[in-house]
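Undergrad: Sharing a structure here in structure tokens format.
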Amino acid sequence: MFFGVGAYTTAILMKLGGWAFILTVPLGGLFAGILAFFVGLPTLRLKGSYFAIGTWALALALQQLALILDITGGPDGMRLPPYLNPSYFYYWMLGVVGGTFALYWILLEWAPFGLKVRAIREDQDGAMALGINPTRVKVQSFVLSAVPVGLLGSIYAYWITFIDPLSAFGDILTDQAVVMAVVGGLGTLIGPAIGAVIVFTFKTLFWAYLSDYQVLYLIILGVAIALTVLFLPNGLWGTFINYRDSSRGMRTQSVSRPRIDASEHSDEQEKGAPEHG
Amino acid sequence: MKRMTWITLFLALSLVTAGAVGAEAPVFKIGVITSLSGGLATGGNVTKQGYEMWAKRVNDAGGIEINGKQYPVKLIYGDAQSEPSQAASAAERLAAQEKIDFALGPYSSGVTLAAAPVLEKYKIPMVTGSAESPLIWREKFKFTFGTIPPVNFTGSSALNVIATLDPPPKRAVVIGSNDAFSKATAETFRDTCEKLKIKVMKYDIVPSGQDLTPYMSAVRAMRPDVIAFGGHDEELIRLVKALRQIHYAPKALLMHYGVTEPAFIEALGKDAEQVYGASVWTPTLKTKGGLIWPDAQSYAADIKAAFGIVPDYTMAACSAAGLAFQAAVMQLGAAPPLDEAQKLALVDVLEKLDIHTFYGPIKFSHEGEFYHANTGLTPLAFRSRVARPLSSVRPTTRRHRRSTP
Amino acid sequence: MELLPQVILDGILIGGIYITIAIGFSLVFGVMHIIDFAVGEWIMLGAFLGYYLNGWTGLDPFALLPVVFVVFFGIGYLIQPAIQRVISGHRGNPLLMGLVFTFGIMLIIRGLGLTIFGFYSRSIPSKLAASSWLFEKGDFFLTVPFVRLAGLAFAVAITLVLHYMLKKTDFGTGVRALAQHKESAGLMGVDSHKTNCIIYGIYVGISAMTGVLVCTIFSMTPMEGGRYTVLAFFVVVLAGMGYLPGVPWAALFLGLIQSIFIVYLSASYTLLAVFVVLYIILLISPKGLFGRGW
Amino acid sequence: MNVLEVDNISVRYGDIQALWDVGFGVREGQLVTILGTNGAGKTTTLKTIAGVLQPFSGNVRFNGSLISGLPAHEVADAGISLVPEGRQLFPQLNVEDNLRMGSYLKRTKVRRDQNLKSVYNLFPVLAERKKQEAQTLSGGEQQMLAIGRALMQDPKLIMFDEPSLGLAPILVQEVFNIIRELSRQGRTILLVEQNVHQALKISDYCYVLENGRIVHEGTGKDLEQDPKVREAYLGI
């Protein structure tokens, strides 16, 4: 959802406003943040699956809006003047990703904000008793997770040079996020990364050598997901950690997997950036 | 956060994998970028079968003959997954890693619009056997060609036939599904109706996948003579069924795409009978071809033997796209792998190409709104199931064609 | 002409289809707390079984419903233990685990469907599909398509059968008990394993019958399951997750919104309206229209 | 002859062991009580007998046949019923459906109407609230419903898990009266309680559980006079 907002911000400003790309990127992030704020206030009252479905409905509504409006080009989408220099975008993305990592790291590990987030995740009532306003912190995290996604959306729009409602507000990457999360283990930082490597490698190899059996891809992916969930409920990384810990003689304990909180949901709801190019 | 990890990894991995290309016996490496999965997989696989058929026949004959030597073709697929971003990624991979000589194009305009600039960048010519949306040709990509004329070139032909019915239809309702191709079709229908002095009582673009029965109930109350619908095959089937269920038959039901498709006729059985549509090719068409297939009938027989289905015009256009490449590269006389100068020269040859195939003439337009689309063809109007041309070119279409050299 | 009666009727008929799409899904969530991502794929598989059975036997699709139900009841019954394994035991977040697992199942079924059935759209012919009642009196007119009416009748029948089963039979009381307190139900002698298998079988069976229905009224491709999954989701969320009595009303409500919007307001905005309405209802009453979900 | 024979069972929750070689027996027609503080393992013991939990070592026999390892619904079929701690009714089923759930098993279904009548006789208040959802009942009424539900199962052994927990003193007395009455009718009862005074008064034999192990046993009277028990549990 925020990805699409960023993408359309850049596309509309560049195409109709004649703005320079560099100027549109921060605005993409800004609008994503503003939207997250106004959306977050009401939706964060919803719990669990309702929150997921609420944001999902909203993303679909935005997609419909982009299909109908004239300013977005409707179903025809928008084409930007091509600037085909992958390394340019490479650095942009690296910058945003790196900056985000750094920011999150500082906020979550060093600033009091991280403590608040963890307090709410562990025990919302307890956190409230300590004077933490959970809604406020949730909205803050929601906005915080939306801004980088909006920035990436902006970059994506200019990189691919073509966006339409399907690609900007579609949900194909939701699936992949789930896959990564599960193969790699939820609630850990490294788990999803490992999942990403495996899925990416598998995809690349599959399309390179087995492209005649495209349908097989769905089946293999499905079987892989099903088997992982059945036999490695903690994901590959989580299982590894458990194994390591228990072999060190520590008490086996499942990797702490927090309930899906607001920021994680938002992350899974929107369209992510392209995964290979 | 996950997305960030994903991207960082992609960046790292793409650097690692970029180096791995091996040397093989000289073949024409042809990238096929099309949607093998996702929402457009049905159409995507039609294109795939069309390209495959061509490649198979070429390789059965030993390959494409260049200066007395034969070079086989190798198709390398890139799945666009019905997503523009995936199409761009696939194009990037095929161009940068697989070092393809040539590309055969996607199904659907969104995907084409995303893949084309990438191929421009790598200077790889592409002929697509699908993508009927006018949007593509308005962008004037130098390296992109198409064997099917855009829908604004072909779409009016069936309406022209309907206009000659007795008594002539006076009122029409035009509906389009909300995707690029269907919307363009509906726009063409609307404009042509106005030109033909058929009153458009209602014009709507509806979200795809809607149940149109309530809408049709309302339309029924207006009693139009013609219902014209721009949409993809499933939507057409649903619309026909909806009309059947509410027991309403307008004088003419007009659709652009799918009417000649075997799946459409099979799925609907008798219901499909009074549907009009336009097409550029059917297996019964009288054509004469030089390369591989002498006529439409032998092509249809080949497809039937290979896949057990009757080919539609998209499939034929895709095989014809292969033929266009084959003819051009033979004219050029360049053996694989093609270098950049040869690829540029190939574009020049394609621009001047004027050949006759089982599919009909292939001649790409040089300028105007049909830039690099095949305007050598004459659109035909069809009534479905009968699956034979009601009439060939109508006068207006001819004028239309002449106005765009 | 006066359109309103027709619009309302069409809305109700659409709603009828939505009932069958969502009711099994809601049942399974209510009893086992599984959000089954594969619901659309069961519908798709049912449609294709119906299509082929119709081709072989020439029987009307409505006559084939019991056969389809029995076949898919069996499939659901056999698959359930795997799902149970995923959502129980020492796993954090069983809801998400179940969701992801069924997502995998969905991919497998879709892949197999594409391999076996191909990419083309199929539709089951039925004599009912070509006839309708037509009332016309001055400005007033009403068309009642038989096949859709049959669909609505089927939806009502399914709803009543489920209602009877849950409220009037010992097995149904056991199912409700199991949904409300698993451990106590076991103490009362409810075999939760077997009961879950039966309920899941019933759900898969209903979904497959729904597939036959939509393939008769509309058409079906192996790619299309996802559309029905979305619909099932929306109806069930409107009704309140797992609150079965809410499903028929939520389905009719959704059908009416769609029908009214497409005719009176703007056809382009129909889907937008559906999403926005869903969103607003969630905000006003986070537990569905009746506030009874969880 | 012991109807219920618990033979050195040990039970774990994940890595935490809750019971260590707990063994005891209950004779036909006896009222046996297990006493213990919070977390001593009383509920775990009952749940293990009922088949909700499985011991990792040791056996449970009922009427001579092995029942440990059976799932809860089969243990229920064998004739053991548990009135669980905190009632654990089906909150959205009405009173009558809750009672009908007691005769879910084929074995008891035949006597459903008869049993319903006798439960309503025993607890007239339940008859008045037949159609009310269980969650709308008061604490005392809920406890009666839980007991009624167990009686509907035609049990050969009834187990009560802290039936007095969370009830007003006057209701506590009433619950114990009911249990005593059931015992007088000749039913075999296994009671788990923290309310030591009341429990000792009505039981034929008692076990004291501490940290998952049985540390004392004896008749109610014996234990009442045991100085250690008096100090630890009676606060004297």
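Undergrad: Using a 1.4 angstrom probe, figure out how much accessible area the protein assembly as shown has per residue, in square angstrom, rounded to the nearest whole.
TA: 37 Å²
Undergrad: If you don't mind, there's one more thing I want to ask. Measuring from centroid to centroid over Cα atoms, what is the spacing of region B:273-341 and region D:199-236 in Å?
TA: Distance between centres, Cα-based: 95 Å.
Undergrad: For the interface of chains C and D, what total accessible area is buried with a 1.4 Å probe, rounded to the nearest 100 Å²? It would help to have the intermediate numbers written out before the result.
TA: Values: alone 14070 and 11200 Å², together 23300 Å².
In total, this chain pair buries about 2000 Å².
Undergrad: Ok, one more. Of all the C-alpha pairs in region C:190-237, what % are more than 15 Å from each other? Before the final figure, lay out the partial values.
TA: On the way: 663 of 1128 pairs.
Everything past 15 Å amounts to 59 percent.
Undergrad: Quick one: what do you get for region B:42-155 if you divide its Cα Rg by 2.2 N^0.38 Å? Walk me through the numbers on the way to the answer.
TA: Details: Rg = 14.3 Å, N = 114, 2.2 N^0.38 = 13.3 Å.
This ratio for region B:42-155 stands at 1.08.
Undergrad: Still on this structure: Please compute how much accessible surface disappears when C pairs with B, both sides summed, using a 1.4 Å probe, and round it to the nearest 100 Å². Spell out each step's value before the answer.
TA: Details: alone 14070 and 17190 Å², together 27950 Å².
Chains C and B together bury approximately 3300 Å².
Undergrad: Still on this model: Helix-derived [θ] at 222 nm for chain C: sum -39500 (n - 2.57) over DSSP H runs of at least 4, divide by residue count, nearest 500?
TA: On the way: 11 runs with 214 residues, N = 294.
Roughly -25000 deg cm²/dmol at 222 nm, from the helical runs in chain C.
Undergrad: What's the lysine pair count for chain D at a Cα cut-off below 22 Å, pairs eight or more apart or interchain?
TA: Lysine pairs meeting both conditions in chain D amount to 16.
Undergrad: Given the alpha-carbon gyration tensor of region B:129-257, what are the semi-axes of its equivalent ellipsoid in whole angstrom, ordered largest first, with each equal to the square root of 5 times an eigenvalue?
TA: Numbers: eigenvalues 135, 61, 26 Å².
They are 26, 17, 11 Å, listed largest first.
Undergrad: A further question on this structure: Quick one: buried accessible area between C and A, total over both chains, 1.4 angstrom probe, nearest 100 Å²? Mind showing how you got there, number by number?
TA: Values: alone 14070 and 15880 Å², together 26390 Å².
So the total buried area for this chain pair works out to about 3600 Å².
Undergrad: Under a cut-off of 15 Å between alpha-carbon atoms, report the aspartates and glutamates in cross-link reach of A:LYS15, not counting same-chain residues fewer than 8 places apart.
TA: Within reach: A:ASP70, A:ASP76, A:ASP164, B:GLU139.
Undergrad: Still on this structure: Over the residues of the protein assembly as shown, compute the C-alpha Rg and express it relative to 2.2 N^0.38 Å.
TA: Details: Rg = 34.8 Å, N = 1212, 2.2 N^0.38 = 32.7 Å.
Rounded to two decimals, the normalised Rg is 1.06.
Undergrad: What pairs in B:LYS56/B:LYS183; B:LYS197/B:LYS304; B:LYS183/B:LYS241; B:LYS183/C:LYS287 have C-alpha atoms more than 32 Å from each other? Intermediate values should be presented prior to the final figure.
TA: Working: B:LYS56/B:LYS183 35 Å; B:LYS197/B:LYS304 42 Å; B:LYS183/B:LYS241 21 Å; B:LYS183/C:LYS287 38 Å.
Where the Cα-Cα span goes over 32 Å, the pairs concerned are B:LYS56/B:LYS183; B:LYS197/B:LYS304; B:LYS183/C:LYS287.
Undergrad: So how strong a dipole does the protein assembly as shown carry about its Cα centre when Lys and Arg Cβ are +1 and Asp and Glu Cβ are -1, to the nearest 20 debye? Walk me through the numbers before you get to the answer.
TA: Numbers: 101 positive and 92 negative charges, 327 e Å.
Roughly 1560 debye, rounded to the nearest 20.
Undergrad: Counting only pairs 8 or more places apart or on different chains, how many lysine pairs in region C:4-224 have C-alpha atoms closer than 29 Å? Before the final figure, lay out the partial values.
TA: Numbers: C:LYS127/C:LYS137; C:LYS167/C:LYS182; C:LYS167/C:LYS194; C:LYS168/C:LYS182; C:LYS168/C:LYS194; C:LYS182/C:LYS194.
Close lysine pairs under the 29 Å cut-off: 6.
Undergrad: Could I ask something else about it? Once R0 is set to 56 Å, what does the formula 1/(1 + (r/R0)^6) return for the Cβ-Cβ distance between D:ASP113 and C:GLU136, expressed as a FRET efficiency to the nearest 0.05?
TA: Values: r = 57 Å, r/R0 = 1.02.
Here the calculated transfer efficiency is 0.45.
Undergrad: Please report the Cα spread of region A:1-169 along all three principal axes, rounded to whole Å, starting with the longest.
TA: Answer, in whole Å and largest first: 54, 33, 22 Å.
Undergrad: What list of ³J(HN,Hα) values in whole Hz, one per residue of region D:42-53 in order, does the Karplus curve 6.51 cos²θ - 1.76 cosθ + 1.60 (θ = phi - 60°) give from phi, with Gly and Pro shown as x?
TA: Result, ordered by residue: 5, 4, 4, 4, 5, 5, 5, 4, 6, x, 6, 10 Hz.
Undergrad: For region A:1-169, what % of the accessible area comes from carbon and sulfur atoms, probe 1.4 Å?
TA: With neighbouring chains kept in place, the figure for region A:1-169 is 69 percent.
Undergrad: How much solvent-accessible surface does A:TRP19 expose, in Å² to the nearest 10, with a 1.4 Å probe and all protein chains in place?
TA: Rounded to the nearest 10, that gives 110 Å².
Undergrad: If R₀ is 45 angstrom, what is the calculated FRET efficiency for the pair C:MET165 and D:GLN17, using the beta carbon separation as r and rounding to 0.05? Display every interim value, and only then the final one.
TA: Numbers: r = 43 Å, r/R0 = 0.96.
Computed FRET efficiency for C:MET165 and D:GLN17: 0.55.
Undergrad: Tell me the mean residue ellipticity at 222 nm calculated for chain D from its helices only (DSSP H runs of n ≥ 4, each -39500 (n - 2.57), averaged over every residue, nearest 500). It would help to have the intermediate numbers written out before the result.
TA: Values: 10 runs with 86 residues, N = 236.
My calculation for chain D gives -10000 deg cm²/dmol from helical runs alone.
Undergrad: From the Cα gyration tensor of region C:1-83, with a ≥ b ≥ c the square roots of its eigenvalues, which class applies: rounded if a/c is under 1.5, or else prolate if a/b is larger than b/c, or else oblate? Don't skip to the answer; put the middle values down first.
TA: On the way: a/c = 3.20, a/b = 1.31, b/c = 2.43.
Oblate is the answer for region C:1-83, as a/c is 1.5 or above yet b/c matches or exceeds a/b.
Undergrad: Using only Cα positions of chain C, each an equal point scatterer, no hydration layer, compute I(q)/I(0) via Debye at q = 0.07, 0.08, 0.10, 0.11 Å⁻¹ and quote the log10 values to two decimals.
TA: One equal scatterer on each Cα of chain C leads to -0.27, -0.35, -0.55, -0.66.
Undergrad: Determine the sum of side-chain charges near C:LEU4: Lys and Arg each +1, Asp and Glu each -1, restricted to other residues whose C-beta is under 14 angstrom from that of C:LEU4.
TA: Details: positive: none; negative: C:GLU2, C:ASP10, C:ASP139.
Around C:LEU4, the charge tally is -3.
Undergrad: Hey, what did region C:4-224 get for relative contact order, percent, Cα under 8 Å, at least 6 apart?
TA: Relative contact order of region C:4-224: 43 percent.
Undergrad: Just for the Cα atoms in region D:6-77, what are the lengths along the principal axes, largest first, rounded to whole Å?
TA: 32, 25, 19 Å, listed from the longest principal axis down.
Undergrad: Rounded to a whole number, what % of the accessible area of region C:31-120 do carbon and sulfur atoms account for, probe 1.4 Å?
TA: Working: 2470 of 3260 Å².
Carbon and sulfur: 76 percent of the exposed surface of region C:31-120.
Undergrad: To the nearest 0.05, how large is the calculated FRET efficiency for A:LEU41 and A:PHE113 if R₀ is 22 Å and r is the Cβ-Cβ distance?
TA: Numbers: r = 18 Å, r/R0 = 0.84.
Calculated transfer efficiency: 0.75.
Undergrad: Can you grab the distance from the C-alpha centre of region C:185-231 to the C-alpha centre of region A:111-147, Å, no decimals?
TA: Using only Cα atoms, the two centres lie 39 Å from each other.
Undergrad: Amide H of B:TYR77: which non-local residues (sequence gap of 5 or more, or other chain) have their own amide H closer than 5 Å, using H built in the peptide plane?
TA: Amide H neighbours of B:TYR77, under 5 Å, 5+ apart: B:VAL32.
Undergrad: I'd like the distance separating the alpha-carbon centroids of region C:95-120 and region A:1-74, in whole Å.
TA: Spelled out, the Cα-based centre of one part sits 30 Å from the other.
Undergrad: If I compute solvent accessible area with a 1.4 Å probe over the protein chains, what percent of it on chain D is carbon and sulfur? Mind dumping the intermediate values first?
TA: On the way: 4690 of 10190 Å².
For chain D, the apolar C and S fraction of the accessible surface comes to 46 percent.
Undergrad: Would you calculate the separation in nanometres between label points at D:VAL125 and B:LYS142, each defined as 7 Å from the Cα along the Cα-to-beta-carbon direction?
TA: Taking the two extended label points, one gets 9.1 nm.
Undergrad: Next up: Which three semi-axes in whole Å describe the equivalent ellipsoid of region C:226-273, each the square root of 5 times a Cα gyration tensor eigenvalue, listed largest first? Show your work: numbers first, answer last.
TA: Working: eigenvalues 94, 30, 9 Å².
Semi-axes, largest first: 22, 12, 7 Å.
The values are calculated or read from the model by the stated rules, or taken from the named source; none is laboratory data. Everything numeric in this text was worked out from a predicted model, so none of it was measured. Note that we place each Cβ from the backbone using ideal geometry, even for glycine, and neighbour counts take in every protein chain shown. These accessible areas exclude ligands, DNA and RNA; they are computed on the full protein's heavy atoms, side chains included. Shrake-Rupley method; radii C 1.70, N 1.55, O 1.52, S 1.80 Å.
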